[in-house]
Amino acid sequence: MKYAFFQGCNIPIRIQQYATSTTAVLAKFGIELEVVPTFNCCGYPARNVDEKAYILPSVRNLAIAEKRGQDILVICNCCFASLQKAKNVMSKNAQLMEELNSILAKEDLHYSGKAEVKHYLTVLYQEVGTEKIKAQRVNAFTDLNIAVIQGCHVLRPREITHFDDSFVPRITEELIGTTGVKSLDWQGKLECCGAALAGINNDLSHRLLREKITGAQAAGAEYITPICSYCHLQFDTTQQNIRNGAAGEKLLPVLLFPQLLGLCLGIDEKALGIASNSTIATEDINRIKSLLGPPTEEKKKKKAKVAA
Amino acid sequence: MTLNILFGFSAVVCLIGLIIRLSIWFSQGMSPPAAPAAPVGTRMTEALKAVVGSFFSAKIFLIIKSVFVDLLFQKRIFDKSVLRWIAHTLIFSGFILLLLMHALHSVVTEPLFKDYQSTLNPYLFLRNLFGLMVILGVVIAIFRRITLKPQRLKTYASDWTALIFLLVIILSGMLLEGSKMASQSTFQRMVEDVSLSDEEEVKALEAFWVQENGLAPTNFQTAPPAEIVAKGKEINGDYCMDCHASNKAAFASFTLAKISPIFFAVFGDALTVKLLWYLHILACLAFLAWLPFSKMFHILAAPVSLLIKGVTGDQIREPANILTRQMIGLSACTHCGSCSLECSSNMFFETFQNDFILPSEKVQYLKKIAAGKETDPAVLKQMQQGLYVCTSCDRCTTVCPSGINLKELFVSSRYTLLKEGMPETTMLSHFSFPLALAQNFVDDHLQALKKVTDIFIKSFQHLADTSSPITLGTSKGFGNTTFRGCFSCQRCTNICPVVRSYDDPVEALGMLPHQIMFSLGIGNTELAMGSQMIWSCSTCYLCQEHCPNQVELTDIFYSLKNSALKKVETGVHS
Ligand code: SF4
Ligand code: SF4
Ligand code: SF4
Ligand code: SF4
C-alpha cells in the first residue's frame, strides 16, 4: 500500500524525526509513504482570519492526491482536521466547490473528493491491526509509564474527523498497549496543549501547557507522548522556553509513538531520531532502552493461539 | 575611436553602478528596534574580518568546496529542477566562455593559445556552439516563465529584458558573422588581404566560396561549374586555409548567412555588415552598463551569497554582519521565483490576493524598503500582511538557488515594519505559532499585539461597559445558526479549560461561551465579536462536543473571529 505522505509545514523543518520514525515503522508493515513536494500548507494557520483561505489549500492538496490516484496519510492532527474539514465543506457546498475548482483549474487540478484522508494511527489500527503489530515485535517495554496527549483536533468535532470515539478514544490506547508501555489515566489526556494560543495569548497558552506538564507528572508520567505535531512543539520546545532555567523543575521529556513502537520493532534508535527530541537526554534514552526486553507475555499468547 | 569612447562610457557607468551596489551592502538593512544598525565603518571592518578569518582558517576548505559545488556546478539549482539547471548552465557557461574566448580574446585567448585566429577552428566552431548554448538556455527560460505562470511564477518587464538582452547579443553576433560570410565586400577585402590579383583565380575562388562558404552568389546566375569550383578549392587551399577554416564550422552563422541577401537588397552588403556590427557592439556595451543596475548583478552577488552560506551555514553571530548578509542576499535575487513556486503559503495568495505573500515578491520590495524608498502606507501594510501570512516553513530558504537566507530576512523585516506603528491583524492567527516558538524579538511582538488588541477594544461594544441593559442587535444572516438551539445550560462554560484558567473569568474574557451564544441569540453580534473570549478560545472543541443541543460553539467562534478581523480591517483602511 502506498500513500501520499502529508507532512504539513512544521514536520519537515521542525520535527523531522516524526516523519522518519513513522516512515520506518510503516515500512515494517509494507506501507510505503511517498513524499509529495507539491503539497502546500493545509490552511490551518489562516483559520482565524478567513474561512475560504483556510479551506482552499486543503482542497488543492486533496486534488493533488486525487490526480496521483493516492490517498493521503497525515501525522499532524491539525493538518488532518483541516483536510477532513475541507472534504466536509466541499460535500455540503457545491457552489464553493465550483468556485475553488475554478482556481485550481489554472494549475490543471480538480477536486472531486476521491482522495481519502487517513491518520497514521488509523492506518496502523485498521490496516495493520494490533495483532500483526504484536507479532512483529522483537522487544517490548516493562515498567514504563507515559502520559499520552491525544490533541484536540483529531478527536473533535467527531462528525468531521471520524477518527475515534471522542469521549473514550481507544485506538491510540490499544496501539500504545502493543509496546508494553503503561499509558496513564490523567486529566489532560483529551485536553488542549495551548498551541492554538501561542503568539496570540502567550500567557494563557503557557498556563494551559504548564497545567498539562504538572498534571502528567503528578500522575506519575516519566515521558509524554504527543500525537499532534503542535502538541509536540509545545512540549518539546515551548516547555524549554518557559522553564527559564528554573532549577529543580523537572523536564517532562517527549517520546513520540512511532519512536516507542519502532524500538519494539527493532528499528535503530538513530533511524527513529529519538535524540532529535530536544527534551530527551542521553540518560533518558539509555533508561528507555534498558526497559526493553523480549515480549514475553505476548509469546505466551502466541503459543496459546497455536495450541488452539 | 568612437568605439573606445563608447566602451569607456559603458565601463564607467558599470563601475559607478558596481560602487553603488556594493556600498548598499554596507549601508542598508532591515534592523528591528531591538537590534539597531551598526555604522557603515563597523560593518565594513567586521565583514573584512570575517572574510580574512575564513580564508586563514580551516574554513578555506568550505570555500573551496562551495566554489566547486555551489558556484561552478550550481548544485542548488540542480537539486530542485533539472530543467532549470540545464537552462542556467547553458546560459551561464555559454556566456562566460564567449566572454573569455571571444569578447576578451586579446586578453585571454591570444596569450594562452599562440595560434589563435577567430576564423580558425576550434574557435570558429566554438563561438557558435557557445552562442547556441545561450540561445537554448534562454528559450528554456522563456518556456519556463510562460508555463509556470499559473503556478504563481511572476514575471516582470525586467525579467524579460534580461532574457531579451542575451538573445539580442547572441543573435546579432551570429547574424553579423553570417552577413560577413555572405558579403561580397568582405570577400573582396579578404582577396586583397591575401594579394590575389589574377581575375580568373579570384573568380574561381569566389565560385568555391559561393558553393562552400556561404558567400552570396551575386556574380553567379546559375550554380558555378564544377571544374571552376575545383580550381577555387585549390586556390583556397593555397591562399586562405592557413587563416580561415571552412565557414561551415560556424554552423549557426552559416545557416543565418542564407538570409543575409534580404538585408543586402535593402542596405547593400557593406552597410548591413556595419549595421549589424554596431547592433552587436552596442548591445554588448549597453548590457555592460545595465548590468549593475539590474538583476544581472546576481552574477557577482549570488556567488558571494552562496559562499557566505557555504562557510557560515547561515549562522552569523556578529550583528553588523547580519545586516550586510541581508543586503548581499537581497542583491543576489534573480527573481527566479523558485521560492514562490515551493512556498507552502502560496495558496493563501489566491484568497488574499496580496503579491507579498509570495517570497520572491517580498524580496523585490524589501530592496526598496531597505533603501527607504517605499513609504506608501498602503504598500507597507500589504507587505506587513505578506510577511505574516507565512507558515515559517523555511522552504524558500532551502530552495533559493542564490543561497539567500530568506528566513532571517523575513524575521527582521517583520519586526522592522512593526516599528512603523501599523497594527497587523493577522498576528491574531496561528501564523504566530512558529514565531512564538522561535522567540525572536519577543517584546516587539507583544507590543504590536497590544496595538491590535487595543483596536479591537475600541471597535466593538463590550459587556463590561454596557451600563444600560443589553440591546437587541439588528445583525441578520449570521452564517452558522446552531446557536439558536442553546438553552443556556452552561455546560460549555463549565467544561471550558480557558474559563477554568481564570479566577475571574468574566473580567478576563469579557463574556463566557454560553453568554456569547446568548448574545447571538438576541442578535447582538457586535457584543459577541468584542469579547476577549473568542481570541482566548483554545479551539479545543470540548464545548462543542459536549453541548447537548449540538451548538457548534467553536466553529461559531471562528466565524466571529473572521468577521471581527474583517470589520477591523475595513475600519483601518477607511
Ligand atoms: S529569493 Fe531566491 S528563489 Fe526567490 S526569486 Fe530570489 S533568487 Fe529566486
Ligand atoms: S517560510 Fe514563509 S515565505 Fe518562505 S516558503 Fe514558507 S510560507 Fe513561504
Ligand atoms: S452547552 Fe450548548 S446549550 Fe448549553 S449553554 Fe452551551 S451552547 Fe448552550
Ligand atoms: S473550544 Fe474554546 S470555548 Fe470551547 S471549551 Fe475549548 S477553549 Fe473553551
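The values are calculated or read from the model by the stated rules, or taken from the named source; none is laboratory data. In this text, all values refer to a predicted model and were calculated from it rather than measured experimentally. So basically every Cβ, Gly included, is an ideal-geometry build from the backbone, and we count neighbours across all protein chains shown. Only protein heavy atoms, including side chains, enter the accessible area calculation; ligands, DNA and RNA are left aside. Shrake-Rupley method; radii C 1.70, N 1.55, O 1.52, S 1.80 Å.
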Report those strands (runs of 3 or more DSSP E) wholly inside the range A:1-103 carrying at least 2 residues which are surrounded by fewer than 24 Cβ atoms within 10 Å (Cβ to Cβ).
A:2-6, A:32-35
Being of a type in the set (Lys, Arg) and more than 14 Å from every other protein chain (Cβ to nearest Cβ) is the requirement here; does A:LYS212 meet it?
no
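Could you pull out every one of the helices (runs of 4 or more DSSP H) wholly within the range B:486-556 that has 3 or more residues that are farther than 20 Å from A:ASN201 by Cα and within 13 Å of chain A (Cβ to nearest Cβ)?
Working: elements: B:491-495, B:497-500, B:505-509, B:513-521, B:525-529, B:533-536, B:542-546.
By residue number, B:542-546.
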Taking the range B:484-501 and keeping only residues that are open to solvent by less than 20 Å² (accessible area, probe 1.4 Å), within 15 Å of B:SER519 (Cβ to Cβ) and not β-branched (Val, Ile, Thr), one is left with B:CYS492
The range B:350-368 - residue that is surrounded by fewer than 21 Cβ atoms within 10 Å (Cβ to Cβ) and farther than 18 Å from B:GLN151 by Cα and, of those, nearest to ligand 1 (Cβ to nearest atom):
B:GLN364
Given (1) closer than 19 Å to B:ILE328 by Cα; (2) open to solvent by 80 Å² or more (accessible area, probe 1.4 Å); (3) assigned to a loop (DSSP other than H, G, I, E, B), B:LYS114 misses just (1)
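Let me confirm something: among B:ALA508, B:ALA528, which residue is open to solvent by 10 Å² or more (accessible area, probe 1.4 Å) and within 15 Å of ligand 4 (Cβ to nearest atom)? Can you show your working first?
On the way: B:ALA528 fails: open to solvent by 10 Å² or more (accessible area, probe 1.4 Å).
Step by step, each of B:ALA508, B:ALA528 is checked, and only B:ALA508 is open to solvent by 10 Å² or more (accessible area, probe 1.4 Å) and within 15 Å of ligand 4 (Cβ to nearest atom).
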Taking the range B:371-380 and keeping residues open to solvent by less than 20 Å² (accessible area, probe 1.4 Å) and touching a residue at least 60 places away in the same chain (Cβ under 8 Å) leaves none
Sole exception among (1) away from ligand 4 (no atom under 16 Å from the Cβ); (2) outside any helix (DSSP H, G or I) for B:HIS430, by number:
(1)
For A:THR179, state whether it is out of contact with any strand residue (DSSP E or B) (no Cβ under 7 Å at 6 or more places or on another chain) and either assigned to a loop (DSSP other than H, G, I, E, B) or within 14 Å of chain B (Cβ to nearest Cβ) (or both).
no
Go through the range B:387-402 and count every residue that is more than 10 Å from ligand 1 (Cβ to nearest atom) and among the hydrophobic types (A, V, I, L, M, F, W, C).
4
Would you check if there is a residue in the range B:405-422 being open to solvent by less than 10 Å² (accessible area, probe 1.4 Å), within 14 Å of the chain's Cα centre (by Cα) and more than 14 Å from every other protein chain (Cβ to nearest Cβ)?
no
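To keep it simple, each residue is scored yes or no on (1) modelled with pLDDT of 95 or more; (2) within 16 Å of ligand 4 (Cβ to nearest atom); (3) at positive phi.
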position: B:PRO292; (1), (2), (3): yes, no, no
position: B:PHE297; (1), (2), (3): yes, no, no
position: B:PRO303; (1), (2), (3): yes, no, no
position: B:ILE328; (1), (2), (3): yes, no, no
position: B:GLN353; (1), (2), (3): no, no, yes
position: B:ILE357; (1), (2), (3): yes, no, no
position: B:SER360; (1), (2), (3): yes, no, no
position: B:LYS367; (1), (2), (3): no, no, no
Selection status of A:CYS193, within 20 Å of A:LEU233 (Cβ to Cβ) and at the interface with chain B (Cβ under 8 Å from one of its Cβ atoms):
no
Taking only the range A:159-181 into account, find how many residues are buried (at least 18 other Cβ atoms within 10 Å of the Cβ) and more than 23 Å from A:VAL117 (Cβ to Cβ).
4
Condition check: within 11 Å of chain A (Cβ to nearest Cβ) and crowded, with 22+ Cβ neighbours inside 10 Å. Does B:CYS400 satisfy that?
no
From the list B:ILE328, B:ILE299, exactly one residue is closer than 20 Å to B:SER412 by Cβ, away from ligand 2 (no atom under 16 Å from the Cβ), more than 14 Å from chain A (Cβ to nearest Cβ) and among the β-branched types (Val, Ile, Thr). Which is it?
B:ILE328
Go through (1) touching a residue at least 40 places away in the same chain (Cβ under 8 Å); (2) part of a helix (DSSP H, G or I); (3) away from ligand 2 (no atom under 16 Å from the Cβ) and name the single condition B:LYS368 misses.
(1)
Number of positions in the range B:531-574 that are more than 42 Å from the chain's Cα centre (by Cα) and either open to solvent by 20 Å² or more (accessible area, probe 1.4 Å) or over 19 Å from B:HIS462 (Cβ atoms) (or both):
13
Within the range B:234-243, identify whether any single residue is in contact (Cβ under 8 Å) with a residue 40 or more places away in the chain and not in a helix (DSSP H, G or I), and answer yes or no.
yes
Within the range B:207-227, count every residue that is open to solvent by 60 Å² or more (accessible area, probe 1.4 Å) and either β-branched (Val, Ile, Thr) or touching a Phe, Trp or Tyr at 6+ places or on another chain (Cβ under 6 Å) (or both).
2
Considering the range B:318-349 alone, what residues qualify as being touching a residue at least 40 places away in the same chain (Cβ under 8 Å), more than 15 Å from ligand 1 (Cβ to nearest atom) and either under 25 Å from B:SER432 (Cα atoms) or part of a helix (DSSP H, G or I) (or both)?
B:PRO319, B:ALA320, B:ASN321, B:ILE322, B:LEU323, B:THR324, B:PHE348
Based on this model, can you work out whether B:SER93 counts as surrounded by fewer than 17 Cβ atoms within 10 Å (Cβ to Cβ) and not in a helix (DSSP H, G or I)?
no
Is there a residue being over 20 Å from A:LEU291 (Cα atoms), surrounded by 18 or more Cβ atoms within 10 Å (Cβ to Cβ), out of contact with any Lys or Arg (no Cβ under 7 Å at 6 or more places or on another chain) and polar (S, T, N, Q) anywhere in the range A:213-229?
yes
List pairs: first in the range B:480-503 and away from ligand 3 (no atom under 12 Å from the Cβ), second open to solvent by 30 Å² or more (accessible area, probe 1.4 Å) and among the basic types (Lys, Arg), Cβ under 6 Å, 6+ apart or cross-chain?
B:SER501/A:ARG207
